[in-house]
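The values are calculated or read from the model by the stated rules, or taken from the named source; none is laboratory data. This structure is a prediction, so every number in the text was calculated from the model and none was measured. Every residue, glycine as well, gets a Cβ built from its backbone with ideal geometry; the counts of neighbours run over all protein chains shown.
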Amino acid sequence: MSIITDLYTTLNTNAGVRAIVGQATSPQQSKIYPGHAPESAAVPLIVYFRVAGNRIDTIRGVSDMESQLIQLSCVDKTAELAQALADAVYAALEGNGYQRNMSGPIYDATTDTYMVPLDWAFLA
């Protein structure tokens with residue numbers, strides 16, 4: 001499985017995340033989007049994508065493992081719910097990789113929404 005698929009499964013089955021965005025029976029019905037969300041998507045929602053990935057060098061050469069940096073954006077009409085969703089995502093992923101950065105909430109006047117970005121690193 002890919003990190004993108006594993007992330008979707010982890011987030012979609014986590015009780016804290018489900019309490020905010022709901023649980024989908026398929027990725028097409030989900031409010032958890034790899035890459036980007038459609039303009040018509042209802043909030044709250046999560047968008048995530050791979051920012052970078054690097055093979056891990058060892059004394060014996062290049063490993064099969066890769067360090068992957070994923071950005072997850074938690075979005076809602078209110079700063080409070082965007083932050084609550086980010087906190088739920090953090091709790092769902094804690095112990096799976098490590099969180100490198102979380103800021104926000106950041107207001108987007110174009111969409112009238114708040115976004116809390118989380119950068120998370122994984123070995124895959």
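Each row is one residue, and each column tells you yes or no for (1) of a type in the set (Lys, Arg); (2) in a helix (DSSP H, G or I); (3) modelled with pLDDT under 90.
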| site | (1), (2), (3) |
| --- | --- |
| VAL62 | no, no, yes |
| GLN68 | no, no, yes |
| GLN71 | no, no, no |
| VAL75 | no, no, no |
| GLN83 | no, yes, no |
| ASN96 | no, no, yes |
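Given the structure, is ARG50 surrounded by 11 or more Cβ atoms within 10 Å (Cβ to Cβ) and at pLDDT 80 or above?
Working: surrounded by 11 or more Cβ atoms within 10 Å (Cβ to Cβ): yes; at pLDDT 80 or above: yes.
The answer is yes for ARG50.
As an exercise: evaluate PRO105 against (1) closer than 16 Å to ALA121 by Cβ; (2) modelled with pLDDT of 85 or more; (3) out of contact with any Lys or Arg (no Cβ under 7 Å at 6 or more places or on another chain) and give the number of the one condition it does not meet.
Status for PRO105: all satisfied but (1).
Tell me, which residue of the stretch 31-50 that is assigned to a loop (DSSP other than H, G, I, E, B) and touching a strand residue (DSSP E or B) at 6+ places or on another chain (Cβ under 9 Å) is nearest to ILE70 (Cα to Cα)?
Just the residues of the stretch 31-50 that are assigned to a loop (DSSP other than H, G, I, E, B), to begin with: 31, 35-44.
Subsequent filtering for residues that are touching a strand residue (DSSP E or B) at 6+ places or on another chain (Cβ under 9 Å) retains 31, 35-37, 41, 43-44.
Numbers: LYS31: 17, GLY35: 11, HIS36: 13, ALA37: 16, ALA41: 21, VAL43: 21, PRO44: 19 Å.
If we take residues in the stretch 31-50 being assigned to a loop (DSSP other than H, G, I, E, B) and touching a strand residue (DSSP E or B) at 6+ places or on another chain (Cβ under 9 Å), then GLY35 is nearest to ILE70 (Cα to Cα).
Hey, could you check the stretch 77-109 for residues that are within 15 Å of ASN14 (Cβ to Cβ) and surrounded by fewer than 14 Cβ atoms within 10 Å (Cβ to Cβ) and say which is farthest from the chain's Cα centre (by Cα)?
Looking at residues that are within 15 Å of ASN14 (Cβ to Cβ) and surrounded by fewer than 14 Cβ atoms within 10 Å (Cβ to Cβ), I get GLY95.
Out of the residues in the stretch 108-124 meeting the condition of being of a type outside the set (A, V, I, L, M) and part of a strand (DSSP E or B), tell me which one is nearest to SER40 (Cα to Cα). Before the answer, list the steps.
Taking the stretch 108-124 and keeping what is of a type outside the set (A, V, I, L, M), we get 108, 110-114, 117, 119-120, 122.
Keeping just the survivors that are part of a strand (DSSP E or B) gives 108, 113-114, 117, 119-120, 122.
On the way: ASP108: 16, THR113: 13, TYR114: 16, PRO117: 21, ASP119: 25, TRP120: 27, PHE122: 31 Å.
This residue is THR113.
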